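Trainee: One structure is given below, represented as structure tokens, and several questions about it will come after.
The values are calculated or read from the model by the stated rules, or taken from the named source; none is laboratory data. Owing to the predicted nature of the structure, the values given are computational and were not obtained by experimental measurement. FYI the Cβ positions are ideal-geometry reconstructions off the backbone, even for glycines, and counts take in every protein chain you see. SASA here: full protein model, heavy atoms, side chains in, ligands and nucleic acids out. Shrake-Rupley method; radii C 1.70, N 1.55, O 1.52, S 1.80 Å.
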Amino acid sequence: MSADRKTDDLVTPLREQLPRERRAELEAVDGLDALLHKIVEVARTGWPTVSLPAEDFMRHLARHLPPGKASEVLRILHGADLYLACACASADPSALRAFEQNILRHIPHRLGRLSPSLVDEVLQVLRERLLVGSGNTPPRIATYGGRGPLLTWVGIIAARVAGELVGQDERHQLVAEPPEELAQLLAPSDPEYALLREDARQLLVESLRKAVTVLPEQERALLRLHHFHGFTMDRLTLMYGGSRSGVARRVADARRLLLEHVRMELAPRLKQDQLALESLLGLVSSRLDISLHGMLE
Amino acid sequence: MRDRVPTSTPSGEPERGTESLPTPSCPQEVTLTDFLAGLLSEEHRASVLAHVESCADCRWALAAGNGTEVLAGASTSLEQTPAQSLRPGDRVSRYVVTGPLGAGAMGVVYAADDPELGRRVALKMLRSEGRQQEELRQRLLREAQALARLAHPNVVTLYDVGTHGEAVFLAMELVEGITLAEWMREPRPWREVLRVFLEAGKGLAAAHAAGLVHRDFKPANTLLGRHGRVFVTDFGIAGQLSQEDGAPLREDDPAHVASLKSLTRTGQLLGTPAYLAPELMQGQRADARSDEFSFCVALHEALFGSRPFQGETLKELGQAARQGRLSPPKREVNVPTRIRRAVLRGLSARPEDRFPTLQALLAALAPPPRRRMLTWGVATATGLLGILATYGVTQRREARCEQEVEKLAAAWSPERRERVRAAFIATGMPYANAAWERLSGAVDAYAAQWRTLRTESCLAAGRDASDITAWQTAACLDTRLWQLAATTEVLEKADALMVENAPQLTASLEGLTGCRDTPGLTSRPQPPDALRPRVDTARHTLAQARAHSLARRYPESLAVTSALLEDLKGLDYKPLAAEVLLTHGMSHGENDKPKEAEEFLYQALWAAEAGRDDETVARAWLELIWVGESLSRPADAEKLVRHAQASVERLGPERFPDITTKLHLRLSSLRFQQGNIAEAEQEALQGLEFSRRRGGPDSLRTAEFLHQLGKIRMVQRRGKETLELHLQALDIRKRLLGPDNPGLVASYDRVASAYKGLGRNAEAIDTWRTAMALQEAAPVTENAVFATLLLNLAGLSRVEGRLAEARPLLERARPLFEAARGPDHFNVVQVLTEQAMVYGDEGQHDKTIALTTEALERIRRSMGPDTPRATLPLKIRAYAHMYSGNHREARRDLLEALKRMEASQGPGAASTISVLLPLAEVALKTQAPQEALEYCEQAWKLTEKVQSQESADGANALTCAGEAHLALGAAAKAIPLLERAWSSLTQPGRPGDPLVAGNTAFVLARALMEKRPSPDRARALMMAEEARTRLESGGVRGRPGLLLVQAWQRREAKR
């Protein structure tokens, strides 16, 4: 492998695969040759048992360079993942094994509360859909473009597959983000909470639940993504755009709104006991702080 | 309780609000991937975001895609690490390898010894990668738990699963013999083949009945013992492993087809595909009928000398099987058509064309029983109709039994299982996950066992309507099922406390085999049919109360039982009333209300006697012993013990292991509290043996007995054994309860005390801190437990001279104990004595005397005038008298203590050393050195007897004798004894009480100075200096001794 690296011309197969009018795009990429060699090297170090000719990989890569964005995509490319996908598309046995070991194996964790038999079924459908071509159509894994991690792409498809496999009612269950659960997540679990009387505890959870339901959709979605699905601030920044501090502020605002609702719920029930109200609110607030803090790490 | 508002809607109907369903407008996967990576254009991003905000489906998909795993370099895990080979003498967990037995597809098998249980085992080492290991281990463990309950003569018993380095090991019954594959190498008569396969089939069928699928049945996995018994082995493991290794096999998968040859050669992935059912090659899940196919392939091979289907590749093999292309037999055998036909049906390509169960296949294979021949005779007479009728009845019975077994869903349906899991996880406790794993494993196994036994009894009852025991067994099993249902219902609302106590909850689920194994004895009385529905309902509610009680939610439990007692007033059914009263009384007892407990327990006893319910009678007596113990009412104790013993005997000690172990434990604890150590030890040892035999080495009961024995060893002054026993118990409980479980506090406390007993104070303090932290993190603080920790920490602080630390700890502990246990309880006396010792250390001996006198008065009130529990306060008061110069009072107290100790533990008990030594001291002080020497020598003999010469006791006895000799003017005799004591006390790594070493050093210094003809002056001064530094480090406690040493030093320095 190292012997042919110098003589190996990677630019040519890549260029030849591109339509004539787009070839100029490649000229604009600084140090293209070195960049391609780097991508191949990383991919081969990542998957030493997978044997995929470099030219094949380059041709595959060329198909995934969107017009006008060649340079941008090459810079952010998940080269090793794309390499694996390309090798899987050409039915390389060790690539298929690597896919099984390193991608599919992580899928069950990501599907959360599915039953084991359903997980098996999802995996089986995934194998069929992604790895098996039909007629002239190459396996679907060939359409993976390397812009995000392969595992992310497969994970999303897996979720969709799971959604198809279960009945509609079950799907509600599957994707449901019941206010109770969010409320429970937000409800404090520290010793002080344990010391609360049972009725106070229920009051708190009940108020949280109501507050979550009346929260505007956007704020609710944000809190769910963050607290329920565990998206980090960094990830949310990528999804919401703008600056990290901007997103952090949005989360903080949503949270303040939620607390406001909780207060509205609690206040009439704790009319006489301002102290109890404040201490309950303090508990929720500190819990939110803790979980925010955890996410910001 | 029942009207408690649930914190989540149990109906499972999620509130959807305004959420939309996934629509065709949901973004493509690529778009979502790019969205997550922040690669979309601003406009596109905004529109996707707007969609995601209103689409729960997409949020869920995004969550599944979201992750930070970096893939590059992950492929290192593709390389299989070769399993380390083990050599004879190597240890795997507690097993000692004796040699290799063979190598299989998944690993190497070794013969090994289990020194703990004194048996030989087969150790199978399975390779697994580090990352998968824990998951694999968990799954194997779950499977193993199910298997472990499947005691069948044709299934290899699995004892243990664990990890060893990177490998997972299975410890199994060691079968000496050969594999079926080896046996099949030469042609066997078909009758012999059939016998062997019918046995193997029974093993498989038993597993199926328990809900287990083998997944890899083949001749190489079946063993023939020396005496011809057949054992099926490796259940489920192959399936687990191949799932880990990669995708289920797919013949159309080019990767697998291409590498088939090498795979079959190394056998690593596939084993031998020839035995696989065709549907498994297509990636379907294994079930009982795929096992049936494998079984028939092997049987075909054994009968006809060739496998039924041939193929070079998986694809060809699968095609042959699907098209039913059988290869011709290698040898012509005169096998009956009946058998041929049965084998062929089992080899059907479509699972639904095979026999519905393995049991049915076996019935078709089995030689026609004599009875059937008779039926045939009758049939020919009565005509075809008769046969059809018989057939129909059998069919119906099987169908009915299937329905019966389906009742299990009421207790442990997949839905309920999932809800319980969710409830556990929702508690957010750090050990929730581990607790769930253990709980689900145990309940799964219980459910599987229930299914097996219930099917068995239903079929038996159907076969012979006069078979009363089968009906009884069925009824007994149904009762247990309702108990399970109530328990699981309570588990659905699990909170932190429940999660903590989940292991105890499942431990209470037992007695299934008891339902089967006691056919001769009438089991629990059953209500008349008219009352049955009401009784069933009440028992169901009662099971909830029990579950609350086990989870230590006593007020909830009491609320349920109080309501039940009210409800049952009109219902005249004594056994039920007895059960409810028993639970009610027990909850009162656990809730520290012994008086109320006693009252209800007696009521339970009378109701049970009237209703002829022996089981409840026995349980009530056992509880009464315990309540009597906490009420400290010694006069009643003996009567209660006799009653309890008699009732357990009447019940049959082996029938109810739970009751029998409890009897041993209660008695050992009672005897211990009475100071009758020999009998306490006897009970603990018997209980331990029984518990290990019936419950396996790793049960909570076993741990309880280990702790109990540890307590006994402590009193016997066998410190190292004490520590060893408590550590073992802690280890078991950690494994069963989870490492963060607050229930471990008691175990940590005992381990810490054992460390302290060995002088390993730093370790003791560490351990107590661990316990304190656990108790503080617990959802509910338990006052008596907490007070015990306070008391013990205080004791150690005092020994280390930090009296200011000890005092507030004791002041906190005392009211806690008084409230929880009553003012005259031994625990309170312990605190008082400890407080007295703090004063003693400060030199305020009058206060010590006052406090110990009060302690003695209290213990006399609760335990009677002769109680050995008075020993400690007596000793402490004696010291205080001695230091105050009241030698006569000191001697009186010590002799009184000695008398009580000898009465309870027999003469010559090791613990009397602690009285003999101060007696010698008093004798010396009253100028009776000869008497002192006798006491010292008596003490020394005792240390020899229990081999504690090298302990602090031994050194003290030597010092004592040395001092006596010195007082008699025989310095030459004293010096060697003192030197030995000194070297024993100053052994490296033995941080003992500095005062003890200081005292010995000073006596040695004096002896050296008095050596005649030539005193060893230099060394004497040196020893005095040693004494000084040590006494100084003892703080205020060392002060009196220090003054003496310093005076001596000044005097000697002037010479």
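Trainee: For chains B and A, what's the summed buried accessible area, probe 1.4 Å, to the nearest 100 square angstrom?
Mentor: Its buried surface, counting both partners, is about 6600 Å².
Trainee: Enumerate the amide H contacts of B:G177 below 5 Å, restricted to partners 5 or more residues apart or on another chain; note that Pro and chain-start residues carry no placed amide H.
Mentor: Placed amide hydrogens put nothing under 5 Å from B:G177.
Trainee: How large a share of the accessible area of segment A:2-165, in percent, is made up of carbon and sulfur atoms when the probe is 1.4 Å and the other protein chains stay in place?
Mentor: 52
Trainee: While we're on this one: Which of the trypsin sites (Lys or Arg not before Pro) found in segment A:69-99 are loop residues per DSSP with 16 or fewer other Cβ atoms within 10 Å of their Cβ?
Mentor: Sparse-neighbourhood loop trypsin sites (Lys or Arg not before Pro): A:K69.
Trainee: At a Cα cut-off below 30 Å, give the lysines reachable from A:K38, other chains included and same-chain residues fewer than 8 away excluded.
Mentor: Straight-distance partners of A:K38: A:K6, A:K69.
Trainee: On to the next question. Provide the packing ranking of B:484-495, A:124-135, i.e. peptides ordered by the mean count of other C-beta atoms within 10 Å per residue, highest first.
Mentor: B:484-495, A:124-135
Trainee: Check cross-link reach from B:K945 to the lysines: straight Cα distance under 17 Å, and skip same-chain residues fewer than eight apart.
Mentor: Once the sequence-local lysines are set aside, what remains near B:K945 is B:K720.
Trainee: Counting only other chains, and only Cβ atoms inside 10 Å, what mean value do you get across the residues of A:137-150?
Mentor: So the per-residue partner count for this stretch is 3.
Trainee: In addition: Contour minus end-to-end for B:R120 and B:R802, with contour as 0.36 nm per residue of separation and end-to-end as the Cα-Cα distance?
Mentor: 240.3 nm is the gain from fully extending B:R120 to B:R802.
Trainee: Quote the charge dipole size of segment B:542-666 about the Cα centre in Debye, to the nearest 20; the model charges only the Cβ of Lys and Arg (+1) and of Asp and Glu (-1).
Mentor: The dipole of segment B:542-666 has a size of about 160 debye.
Trainee: Which of the residue pairs B:K662/B:K734; B:K899/B:K1011; B:K639/B:K662; B:K593/B:K639 have a Cα-Cα distance greater than 28 Å in the structure shown?
Mentor: Among B:K662/B:K734; B:K899/B:K1011; B:K639/B:K662; B:K593/B:K639, the Cα-Cα distance tops 28 Å for B:K899/B:K1011.
Trainee: What is the mean number of Cβ atoms from other protein chains located within 10 Å of the Cβ atom of each residue in peptide A:94-102, rounded to a whole number?
Mentor: That works out to 6 on average.
Trainee: How about segment B:37-60: which of its residues lose at least 40 Å² of accessible area in the presence of all protein chains relative to their chain isolated, using a 1.4 Å probe?
Mentor: Buried-area filter returns B:L39, B:R45, B:L49, B:E53, B:D57, B:R59, B:W60.
Trainee: How would you rank B:95-101, B:60-66, highest first, on the average number of other Cβ atoms within 10 Å across their residues?
Mentor: So the peptides B:95-101, B:60-66, ranked by packing, come out B:60-66, B:95-101.
Trainee: Distance from the Cα centre of segment B:1030-1052 to that of segment B:656-701, in angstrom?
Mentor: A separation of 48 Å, based on Cα centres.
Trainee: Given B:K218/B:K330; B:K124/B:K218; B:K595/B:K756; B:K941/B:K973, which pairs have Cα atoms separated by over 24 Å?
Mentor: B:K595/B:K756
Trainee: Another one. Hey, got the average number of other protein chain Cβ atoms within 10 angstrom for residues in A:116-125?
Mentor: Averaged over the peptide's residues, the number is 2.
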